[in-house]
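One structure is given below, encoded as structure tokens.
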Amino acid sequence: MLTTLTRLSPLRAQTLCLLLWLATGWVGLPVANAEPLRVVTEEFSPYNMTENGKITGLSTEVVQAVLAEVGETAPIQVMPWARAYDMALHEENVLIYSITRSPEREPLFNWVGLIVSTHTCLYSSAARPVHLNSLEDARRYQIGTVKDDVGEEYLTARHFTVGENLQSSSKYELNYDKLKGGRVDLWISDDRNAAYLARQAGDQPERVLVQSLPLADLGEDLSLAFSLKTPQATVERYRAALEAIHRNGKYDAIMRKWL
């Protein structure tokens, strides 16, 4: 080969060497891999919750069934909602659940589909009932919220203010404790979450909670969503998998178990 190269013009020799290098050396260079899939959520009973060190719940079982349908294995990371939400907003290949699909959030994520429909309400304690005719009436009261969750977003978009009439916590159960202890007057919560936390505290929801104001205009769909920095092909695969578990009966079996 060396003899052959010496017979070529300098320019042609350089070109041939470059082609040889591309053929033998370039293919050996490491290729940057895409970020691995990360699945994130929060403690939000009965949809996603940790029991005996294991993540479970209605939404979790739906997500696990979708992952199995896709053929993907990925650990589910449980963290405060504000952190999970920030990851899904700004990082790539992040799947977040159970996230309410509200009009404000619509352009912020790649939406996979619905997990389950819910109903949100402003609750008060039966020991200190608050009767509201409208959301405007609630401005006079202290309201328990969770940082960056859809209930807090809903209220701040309507000019309620954290630190004034909103008390923001990192966990839903803290707000139930605050309501029960009289440290807040109202609590914004999904109906199943409110009932579950009351039962976990040894209370009967229908005896301790008062629905002071149903919020029918708040987004009521808990969904799966990908961060915008996720390939569209990945999003479509997961949409197809969610549709598949509806067709094959796995989704209905999960709903019968939890509802």
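Annotations
- There is no residue in the stretch 199-206 that is within 28 Å of LEU108 (Cα to Cα) and either in contact with a Ser or Thr (Cβ under 8 Å, 6 or more places away or on another chain) or at pLDDT 95 or above (or both).
- Any hit, the stretch 137-151, residues being part of a loop (DSSP other than H, G, I, E, B), more than 27 Å from the chain's Cα centre (by Cα) and farther than 21 Å from THR100 by Cα: yes
Results for (1) more than 30 Å from ALA240 (Cα to Cα); (2) hydrophobic (A, V, I, L, M, F, W, C), shown as yes or no for each residue.
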{"residue": "GLY144", "(1), (2)": "yes, no"}
{"residue": "PHE160", "(1), (2)": "yes, yes"}
{"residue": "LYS178", "(1), (2)": "yes, no"}
{"residue": "TYR196", "(1), (2)": "yes, no"}
{"residue": "ASP203", "(1), (2)": "yes, no"}
{"residue": "GLU220", "(1), (2)": "no, no"}
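- Among all residues of the stretch 184-198, there is none that is modelled with pLDDT of 95 or more and surrounded by fewer than 15 Cβ atoms within 10 Å (Cβ to Cβ).
- Flag: LYS229 does not match the condition of being outside the structural domain of PHE44 (by TED's automatic domain parsing), surrounded by fewer than 18 Cβ atoms within 10 Å (Cβ to Cβ) and in contact (Cβ under 8 Å) with a residue 24 or more places away in the chain.
- Checked against (1) over 26 Å from the mean Cα position of the chain (by Cα); (2) touching a residue at least 12 places away in the same chain (Cβ under 8 Å), GLY181 meets all criteria but (2).
- Inter-residue pairs, beta-carbon under 8 Å, first among the β-branched types (Val, Ile, Thr) and in the stretch 191-210, second surrounded by fewer than 17 Cβ atoms within 10 Å (Cβ to Cβ), 6+ apart: VAL208/ALA126; VAL208/ALA127; VAL210/ALA126; VAL210/PRO129
The values are calculated or read from the model by the stated rules, or taken from the named source; none is laboratory data. On a predicted model such as this, the values are computed, not experimentally measured, just so you know. Every residue, glycine as well, gets a Cβ built from its backbone with ideal geometry; the counts of neighbours run over all protein chains shown.
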